[in-house]
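Contents: one structure, followed by commentary.
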Amino acid sequence: VTDVATDGVTDVTDGVLVESGGVEGSDCQTLEDEIRLDPLGWLGRAAGYSDGERWWEHLVEQRQDSTDLFAAILEAMRVLRVETLQATSEPIIEVQREAYMRKMIRAAQREGFQKIAVVCGAWHSPALIQMPPEKEDNVVLKGLLKIKVETTWVPWTYGRLSYKSGYGAGVESPGWYDHLWTITQAQDKPKSQIQNPKSKIQNPKSDVAIHWMTRVAQLLREEDLDASSAHLIEAVRLAESLAALRDRPLPGLSELNEATQTVLCFGSHLPMGLIHDKLIVGERLGEVPDETPMVPLQKDLQRLQKRLRMPAAATEKIYELDLRNENDLARSRLLHRLNLLGIRWGETQQTRGTGTFKEKWRVQWQPEFVVKLIEAGIWGNTILDGATAYACDQAQKATELPILTHLLDRVLLADLPDAVSKLMSRLQTEAAVSSDVVHLMEALPSLARILRYGNVRKMDSSVISHVVDGLVTRICIGLVGACSSLDDDAATQMYQRIHQVNGAISLLQNEAYLVSWRQVLIQLSDWQFLHGLLSGYSCRLLLDARVFNTEEAARRMGLVLSTASEPPQAAAWVEGFLKGSGLLLLHDHILWQVLDSWVTQLNEDTFTALLPLLRRTFSTFSPAERRQMGERVRRGESVVVGVEGQELDCDRANGVLPILALILGL
């Protein structure tokens, strides 16, 4: 195994290699518990250090002579165990753990091994050196359940060796200890190799601070932050001065951090966060041989990759999937399930055309995905079981309808039928008690897409239809009240939601939904005190749906743009009515005439005040539409010449019909 990081240093004592480190556990409540859970930390604080890490760094990592070091640590642990265990007994789980460790050591000795490595906390080392009779350990372990397990090596990262990852026996600065180890190892190299100009380490004993500050400067420069050579020199001098004042042989991490923040970061703590994540903790990823046994989830993924012919390659590859093909559909499900578990092996890309049976994925394997697979192993032994369990857990934690509907969309794409039933139950519960129309409106579009396009993925989406029934009904009942007393910003947000709901209901093509929705739009367009943006947009939707004809729309526009209405309200109504498309004005001369008359009748001050709003409205039109409108205004046209009153020539019209039929494919 390469790149295996440890949280301490090991030595051989009486044929057993014991690692010095802490012992994992829960929050301590007494002095005895505190010593047992973090003996080295307690010793460090007793010696006057802020924490055990700094004590360990100066006593061990920077120590040039390690003679009798581990014998001293072993003796310290022995004394601490004697003193604390006199006041309180060892927890039974710790007694059983140590008994099982000794049992494994005896088993290895029977096989003829002379040197045995034990990776454990320093607290346990005296119990492994001075082993009681085997009979006593057998009594302690008697009655415990025997469970068959599989073990494996997995590549780990420095970030997951740190305390912040939740690892109870972790360290605060694995990247810093890696730096110290690299510098120390250079001391053991031949002198000729150290003096080699190509060697990075020239004087390892005195260059700890120099090489660390060089790495810091490289990192800052990569982020486009200033870090000159003069800054490095001053930072190193400051760190060495601080170490000398504190009577320490070499600058430690605390001295280097203080010097870095003062000189290179100009007193700011923000760059220090970057230095902490990238250097002090580090992002190094270990490696394991290919023949290493794998966890079940990783085995299942490799089996699926082989069956679906999707190798895990470091190079980027594009997959264009046809969901009507069984193999491509299975590929899509796998990628969606992995994304659900947080393993973003593939990312969806925009496809050409409007077909719903096509998907485009950009796939690239990253080494850290192996670690994420290990972490995701808590959800199940297969990709299907893991994604299902994770989705159910997220459904239980979600408390808002939009989150649930978004999760349901992802679950259906991943084809997780067991999770769908759980999600539908939660969705029904939240929809029944939710009184927030905004949440209901945000939840509808995702469900509408599922109902409309679910069959493309061969999904049974019938279970969603009754939830959509309830959502549409509740939206239609509560929308009018939700639109009252809105300011400009709130009205703009509501405009977007009405636009999305209108698109969702149109997508569903359900006549009952359309009738109920249009009745609500009529109420909104008739409401005198409604914000003009929403009133105008409601009138526009009704005109597009042919509930209102052109004359009715022109009549309503004329009323709104009359002198009895406030100009800002009238301008907001125009924005809602015309927003997004100017073709209506170009092809309907009645609406053009009404709007033209209103604009020309505005006095100079009112026109100046409304100009930004009108410009914002017309900016949503396409350049071609704005150009045509400008040409009409320049020519002074207020009425479009139509064909009313002209006699229709049926013979000439009949001559065009065959060509139209050929073009339309009729």
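When R106, R63 are checked against the criterion of being without any contact (Cβ under 8 Å) to a residue 40 or more places away in the chain and part of a loop (DSSP other than H, G, I, E, B), a single residue qualifies: R63.
Evaluation of V547 against the conditions (1) of a type in the set (A, V, I, L, M, F, W, C); (2) over 21 Å from A482 (Cα atoms); (3) part of a helix (DSSP H, G or I) shows that the sole unmet condition is (3).
For the range 210-228, the tally of residues that are farther than 21 Å from H179 by Cα and either of a type outside the set (D, E, K, R) or not assigned by TED's automatic domain parsing to the domain that holds M272 (or both) stands at 2. Output the residues belonging to the range 43-60 that are closer than 23 Å to L180 by Cα and part of a helix (DSSP H, G or I). Result: L43, G44, R45, G52, E53, R54, W55, W56, E57, H58, L59, V60. Inspection of the range 574-582 finds a residue satisfying the criterion of being buried (at least 19 other Cβ atoms within 10 Å of the Cβ) and modelled with pLDDT under 75.
For the range 286-302, state whether one or more residues are within 16 Å of L180 (Cα to Cα), in contact (Cβ under 8 Å) with a residue 24 or more places away in the chain, in a helix (DSSP H, G or I) and of a type in the set (A, V, I, L, M, F, W, C). For the range 286-302, residues within 16 Å of L180 (Cα to Cα), in contact (Cβ under 8 Å) with a residue 24 or more places away in the chain, in a helix (DSSP H, G or I) and of a type in the set (A, V, I, L, M, F, W, C): absent.
Which of the residues that make up the range 114-153 are assigned to a loop (DSSP other than H, G, I, E, B) and touching a helix residue (DSSP H, G or I) at 6+ places or on another chain (Cβ under 9 Å)? Even if it seems obvious, please write down each step before you answer.
Filtering the range 114-153 down to residues assigned to a loop (DSSP other than H, G, I, E, B) leaves 114-115, 119-121, 130-133, 142-153.
Correct list: C120, G121, Q130, M131, P132, L144, E150, T152.
Here are the criteria: (1) more than 18 Å from L614 (Cα to Cα); (2) in contact with a Gly (Cβ under 6 Å, 6 or more places away or on another chain). Tell me which single one G536 does not satisfy. Tallying (1) more than 18 Å from L614 (Cα to Cα); (2) in contact with a Gly (Cβ under 6 Å, 6 or more places away or on another chain), G536 fails exactly one: (1).
Answer yes or no as to whether I374 is free of Cβ contacts under 8 Å to residues at least 40 places away in the same chain, closer than 24 Å to G159 by Cβ and β-branched (V, I, T). In short, no.
Only one of these is at pLDDT 80 or above and either at positive phi or in the same structural domain as W527 (by TED's automatic domain parsing) (or both): D588, D605. Name it.
The unique qualifying residue is D605.
Only one entry in L408, L440, L401 is over 22 Å from G342 (Cα atoms), of a type outside the set (S, T, Y), modelled with pLDDT under 85 and buried (at least 24 other Cβ atoms within 10 Å of the Cβ), namely L440. Considering every residue within the range 346-356, establish whether at least one is touching a helix residue (DSSP H, G or I) at 6+ places or on another chain (Cβ under 6 Å) and closer than 19 Å to R449 by Cα. Looking for residues that are touching a helix residue (DSSP H, G or I) at 6+ places or on another chain (Cβ under 6 Å) and closer than 19 Å to R449 by Cα, one finds at least one in the range 346-356, hence yes.
The values are calculated or read from the model by the stated rules, or taken from the named source; none is laboratory data. This structure is a prediction, so every number in the text was calculated from the model and none was measured. Virtual Cβ from ideal backbone geometry, glycine too; neighbours counted across all protein chains shown.
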